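First the structure, in the form of structure tokens, and then the observations on it.
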Amino acid sequence: MSSQTNKPVCVIVGVGPGNGAAFARKFAQEGYQVALLARSVETIQPLAAALPDARAYGCDVTDATAIAATFAAIRSEMGAVETLVYNPGAGVWRSIEEITAEEFEHSWRVNAFGAFLVAKQVIPALKQAGSGNIVLIGATASRRGGAKTAAFAPAKAAQRSLAESMARHLWPAGIHVSLVMIDAVVDTPATRKMMPDKPDDFFAQPDEIADVVFGITQQKPSAWTFEMEVRPFGETW
């Protein structure tokens, strides 16, 4: 059953306690229905219950069948998707000698293959509408391979290339494809526990990143941003 509302639909793929939750809160505050996707639906149900016109869906982004079923449910229960924010980011910090083939492939599947599968689910409705947004949350690792990013950097590089290809193909159809590259340690309970001695201004605040992402989706076509970097002043770059 449809939720019977005229609010536009925003899908946040990869909702955790940091950026994903902040994206969901921001778009809900701005008058969107919000579909929250995570591997475990139990982890996101409390957030969905706390937001107006929000629904939680359990979905593995590396599983094409699961993605197709989830987006069919979203279309049926909420309506056509107007904005997609792709936020998953599997990272394993190991060198080429340490990384396993399974870890390398999994990182690519989460960061690049999942983005491909999800985008294919929303593009038809966006083209029919002649408008809408696909925002991919990237990382500066897409531009450089560090010694310990033998899996993460290639996966994010593939994601960035996919985003650029989609932008060149879909912008003329009125669909704003963009990439927000986060070069920062995001402020979450987990990162605070890992780095207890760091000052507050060392961390990027999820709600402020969410403001940037929402702002990109409101840009006018004559001045669209494709790629934006987000970092606190203390980040080395």
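In this structure, VAL15 qualifies as in a loop (DSSP other than H, G, I, E, B), touching a Leu at 6+ places or on another chain (Cβ under 7 Å) and buried (at least 21 other Cβ atoms within 10 Å of the Cβ). The combined condition, being of a type in the set (Phe, Trp, Tyr), within 18 Å of PHE152 (Cα to Cα) and within 19 Å of the chain's Cα centre (by Cα), is not fulfilled by TYR57.
Residues checked against (1) farther than 30 Å from SER107 by Cα; (2) touching a strand residue (DSSP E or B) at 6+ places or on another chain (Cβ under 6 Å); (3) of a type in the set (A, V, I, L, M, F, W, C); (4) at pLDDT 95 or above:
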| residue | (1), (2), (3), (4) |
| --- | --- |
| LYS7 | yes, yes, no, yes |
| CYS10 | no, yes, yes, yes |
| GLY16 | no, no, no, no |
| PHE23 | no, yes, yes, yes |
| VAL34 | no, yes, yes, yes |
| LEU47 | no, no, yes, yes |
| CYS59 | no, yes, yes, yes |
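The residues in the range 111-135 that are buried (at least 19 other Cβ atoms within 10 Å of the Cβ) and touching a Gly at 6+ places or on another chain (Cβ under 7 Å) can be counted, and the count is 2.
One line per residue, one yes/no per condition, for (1) part of a helix (DSSP H, G or I); (2) free of Cβ contacts under 8 Å to residues at least 60 places away in the same chain; (3) within 15 Å of the chain's Cα centre (by Cα):
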site: VAL180; (1), (2), (3): no, yes, yes
site: ARG192; (1), (2), (3): yes, yes, no
site: ASP197; (1), (2), (3): no, yes, no
site: ASP201; (1), (2), (3): yes, yes, no
site: PHE214; (1), (2), (3): yes, no, yes
site: THR225; (1), (2), (3): no, yes, no
site: GLU229; (1), (2), (3): no, no, yes
site: PHE233; (1), (2), (3): no, yes, no
site: TRP237; (1), (2), (3): no, no, no
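Considering PHE233, PHE226, PHE202, the condition of being surrounded by fewer than 17 Cβ atoms within 10 Å (Cβ to Cβ) and farther than 24 Å from VAL15 by Cα is satisfied by PHE233 alone. Count of the range 31-42 residues, restricted to those that are touching a residue at least 24 places away in the same chain (Cβ under 8 Å) and either in a strand (DSSP E or B) or buried (at least 16 other Cβ atoms within 10 Å of the Cβ) (or both), is 7.
The values are calculated or read from the model by the stated rules, or taken from the named source; none is laboratory data. These numbers come from a predicted model, not from an experiment. So basically every Cβ, Gly included, is an ideal-geometry build from the backbone, and we count neighbours across all protein chains shown.
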